[in-house]
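S.K.: Below are the structure tokens for one structure; questions will follow.
The values are calculated or read from the model by the stated rules, or taken from the named source; none is laboratory data. The shown structure was predicted, so the numbers you read here are calculated from the model rather than taken from an experiment. FYI the Cβ positions are ideal-geometry reconstructions off the backbone, even for glycines, and counts take in every protein chain you see.
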Amino acid sequence: MKTTTKTLAVTAGIGTAVAGSAFIASAAALAGVRAAVHALRSQAIPERAVVLITGGSRGLGYALASRFARKRVRLVLAARDRSELEHAQVALLEEHEHLQPEDFYLFTGDLMEPNECRRLVSETISHFGRIDVLVNNAGIIEVGPVENQTPETFDRALRIYYLAPLTITLSALPYLLRQSPAPGWKRRAAIVNITSIGGKVAVPHLLPYCAGKFALVGFSEGLHAELRHKGIRVTTVCPGLMRTGGEDHARFAGDAESEQKWFKFSAKTPGLSASAKYAANRIYSAVVTGRAELTITPQAWAAARFHGLWPETSQYLASLANRYILPSPEGAEQSAGHISSPSGVPSPS
């Protein structure tokens, strides 16, 4: 009886795997057909288009600015550090000789503050009169086990990854809906939300990041559905690991040294991660072809499909990685599986 049950289980498992593989293969083939159709319908970014990029002074934001700047576009780059923005402008002017200083508007501000998000849109409209491409890219990364994270960490992640794009988009939307398409373009505008595979599949030790990215994925996908027929294309970008330099600015909680080692190794290793330039090229192509969604790196594409088909298995594998590969929480109580209560707050009985 046990042998029969085991045989049936194995057979069922093989059947599920085969069916799943066939589904993924079919989905890949369909995606290829859709990509070909998109290519036929592509619309190049028009000359003098206004491209607003948050987090535009370095990393993926800078790579995107450089990719869009192959044409003489007008660039609005937003970041917190004025000197980094000025350095980016100088580098872009050297790289693209057709650009002029007047083709730039540099915005310095903390986009975790809603008023700064609204000010960004207001100043862009005042300076250039329109926004043709809005790229919500700014972010911070805080790495560590949930036992060593704080409510403030989650608050920061939600503010920069969800509330900032939300506020910027809603502030810009009345202008985008009113403006006519730029000459040579059939769309009123394009909105690009840089989310993550972490907004599709939760990754241990990146919970604040994933919470913010999951929220942005939901907003971005719904926004596409509501704005597509109104002449505004919204593209949800879900990259896997990327070599953008952002890992050098990450913050680490818990066993900071060990957390830093695994995270930087994953982010910097070719084969596991994509370069910022490669990602920028893919994102630019997605904008000109009007794609609704783009997943960057084969690993990210496979992870999203695997999780969609077998969410229970996906989460179990993540739990194994958390238990046996990732660093343990800092402190004896956390290592034993207990979360210390904040000062003055009684522990649950």
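S.K.: Looking only at residues in region 209-255 that are small (Gly, Ala, Ser) and at pLDDT below 85, which one is farthest from Ile296 (Cα to Cα)?
M.R.: Across region 209-255, the extreme among qualifying residues is Ala250.
S.K.: Here's another thing I want to ask about it. Among Pro114, Pro174, Pro151, which is without any contact (Cβ under 8 Å) to a residue 60 or more places away in the chain, within 25 Å of Tyr284 (Cα to Cα) and surrounded by fewer than 18 Cβ atoms within 10 Å (Cβ to Cβ)?
M.R.: Working: Pro114 fails: within 25 Å of Tyr284 (Cα to Cα); Pro151 fails: within 25 Å of Tyr284 (Cα to Cα).
That would be Pro174, the only listed residue that is without any contact (Cβ under 8 Å) to a residue 60 or more places away in the chain, within 25 Å of Tyr284 (Cα to Cα) and surrounded by fewer than 18 Cβ atoms within 10 Å (Cβ to Cβ).
S.K.: I would also like to ask the following. So, in region 54-109, how many residues would count as being more than 24 Å from the chain's Cα centre (by Cα), in a helix (DSSP H, G or I) and of a type in the set (A, V, I, L, M, F, W, C)?
M.R.: Within region 54-109, residues that are more than 24 Å from the chain's Cα centre (by Cα), in a helix (DSSP H, G or I) and of a type in the set (A, V, I, L, M, F, W, C) number 3.
S.K.: Turning to a different aspect of this structure: For Glu142, state whether it is closer than 26 Å to His249 by Cα and either at pLDDT below 95 or not acidic (Asp, Glu) (or both).
M.R.: Numbers: closer than 26 Å to His249 by Cα: yes; either at pLDDT below 95 or not acidic (Asp, Glu) (or both): yes.
Considered against the rule, which asks whether it is closer than 26 Å to His249 by Cα and either at pLDDT below 95 or not acidic (Asp, Glu) (or both), Glu142 comes out as yes.
S.K.: Follow-up. Assuming Arg291 fulfils every condition listed in (1) touching a residue at least 60 places away in the same chain (Cβ under 8 Å); (2) over 13 Å from Ala202 (Cα atoms); (3) assigned to a helix (DSSP H, G or I) apart from one, which condition is it?
M.R.: Going through the list (1) touching a residue at least 60 places away in the same chain (Cβ under 8 Å); (2) over 13 Å from Ala202 (Cα atoms); (3) assigned to a helix (DSSP H, G or I), Arg291 breaks only (3).
S.K.: Looking only at region 301-334, which residues are in contact (Cβ under 8 Å) with a residue 12 or more places away in the chain, within 21 Å of Lys261 (Cα to Cα) and not in a loop (DSSP other than H, G, I, E, B)?
M.R.: Ala318, Ser319, Ala321, Asn322, Gln334 - these are the residues of region 301-334 that are in contact (Cβ under 8 Å) with a residue 12 or more places away in the chain, within 21 Å of Lys261 (Cα to Cα) and not in a loop (DSSP other than H, G, I, E, B).
S.K.: Would you be able to tell me the number of residues in region 136-175 that are farther than 11 Å from Leu216 by Cβ, assigned to a helix (DSSP H, G or I) and not hydroxyl-bearing (Ser, Thr, Tyr)?
M.R.: 14
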